[in-house]
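The values are calculated or read from the model by the stated rules, or taken from the named source; none is laboratory data. Worth saying up front: this structure is predicted, and the values here are computed from it rather than measured. FYI the Cβ positions are ideal-geometry reconstructions off the backbone, even for glycines, and counts take in every protein chain you see.
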Amino acid sequence: MGRDNSLAFVFLASVFSGSLVIAAVISSKIITIGGVVLPAGILAYSITFVASDVVSEIWGKEKAKQVVLGGFAALVVCLGLVQLALLWPGADFWDNREAYDSVLGATPRIIVASLAAYLVSQNHDVWAFHFWKKTFRGKHLWLRNNLSTSSSQIIDSMIFITIAFYGVMPIIPLIIGQFLIKILIAFLDTPVVYFLVWWIKRQDRQGLAGCS
């Protein structure tokens, strides 16, 4: 891989970790899309599957696992920093403590839910992507992307919603809603995965041509 592809890997790994962390922070808000209720972090979290699938396709399973491990570390650090911010006494003149705590107070539980769902679903996504890649002998990227992402999203939705919102709100509608929207996003992001794979491979070919 050339220099451009190294930068592409860093970019995708950064987008993966950034999207993962912000999804955990903003998921305490429940939104509706077409009457379907789901956490606000759904789009950000769905981006992680795009990034991991592209990394899997271009750099292979081991690199994808490294990205997953890096994302896990980012979530753990985020959990620690959020807890520290909640416990740290505010300035005497600062009067937004109640609002601040109401927003970020639920974040530790959501991050724990994210960690549990993340470890299972992301590792399954990497495994499933390469299982289907081997099955289809490297062909049909669109099908491999959707098969691996769909099964991983089912696992992720069930684990995340149950841990994050059990006892707080009805979890079945949230699980169903989150899964349906995630599957729709997975279907719509297929052209994005194709484009990124094509572009990175094109950069690599141009880099090799320039070195010859």
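Couple of notes before you dig in:
- Verdict on residue 82 being in contact (Cβ under 8 Å) with a residue 40 or more places away in the chain, surrounded by 12 or more Cβ atoms within 10 Å (Cβ to Cβ), farther than 30 Å from residue 191 by Cβ and within 20 Å of the chain's Cα centre (by Cα): yes
- The residue that is surrounded by the fewest Cβ atoms within 10 Å (Cβ to Cβ), among those in segment 1-58 that are among the small types (Gly, Ala, Ser), more than 12 Å from the chain's Cα centre (by Cα) and closer than 20 Å to residue 162 by Cα, is 40.
- Filter pass, residue 196 being assigned to a helix (DSSP H, G or I) and modelled with pLDDT of 80 or more: yes
- Here residue 160 passes the criteria (1) modelled with pLDDT under 80; (2) closer than 25 Å to residue 61 by Cα except the one numbered (1).
- Test for residue 66: is it in a helix (DSSP H, G or I), exposed (fewer than 15 other Cβ atoms within 10 Å of the Cβ), of a type in the set (S, T, N, Q) and modelled with pLDDT of 90 or more: yes
- Residues in segment 88-107 that are loosely packed, with under 10 Cβ neighbours inside 10 Å, outside any loop (DSSP other than H, G, I, E, B) and aliphatic (A, V, I, L, M): 99 alone.
- Of the candidates 15, 36, the single residue that is out of contact with any strand residue (DSSP E or B) (no Cβ under 8 Å at 6 or more places or on another chain) and either among the acidic types (Asp, Glu) or closer than 20 Å to residue 115 by Cβ (or both) is 15.
- Any hit, segment 73-87, residues being part of a helix (DSSP H, G or I), of a type in the set (S, T, N, Q) and within 23 Å of residue 172 (Cβ to Cβ): no
- Here residue 28 passes the criteria (1) part of a loop (DSSP other than H, G, I, E, B); (2) without any contact (Cβ under 8 Å) to a residue 40 or more places away in the chain except the one numbered (2).
- Hits in segment 32-58 - residues which are touching a Pro at 6+ places or on another chain (Cβ under 9 Å) and either part of a helix (DSSP H, G or I) or at pLDDT 85 or above (or both): 45
- Each residue in segment 154-170 was checked for being under 15 Å from residue 28 (Cβ atoms) and among the aliphatic types (A, V, I, L, M), and 5 pass.
- Contact annotation: residue pairs with Cβ atoms under 7 Å, 6 or more positions apart or on different chains, pairing a residue in segment 149-173 that is under 18 Å from residue 50 (Cβ atoms) with a partner that is of a type in the set (Val, Ile, Thr) and in a helix (DSSP H, G or I), are 150/183; 153/183; 155/120; 157/175.
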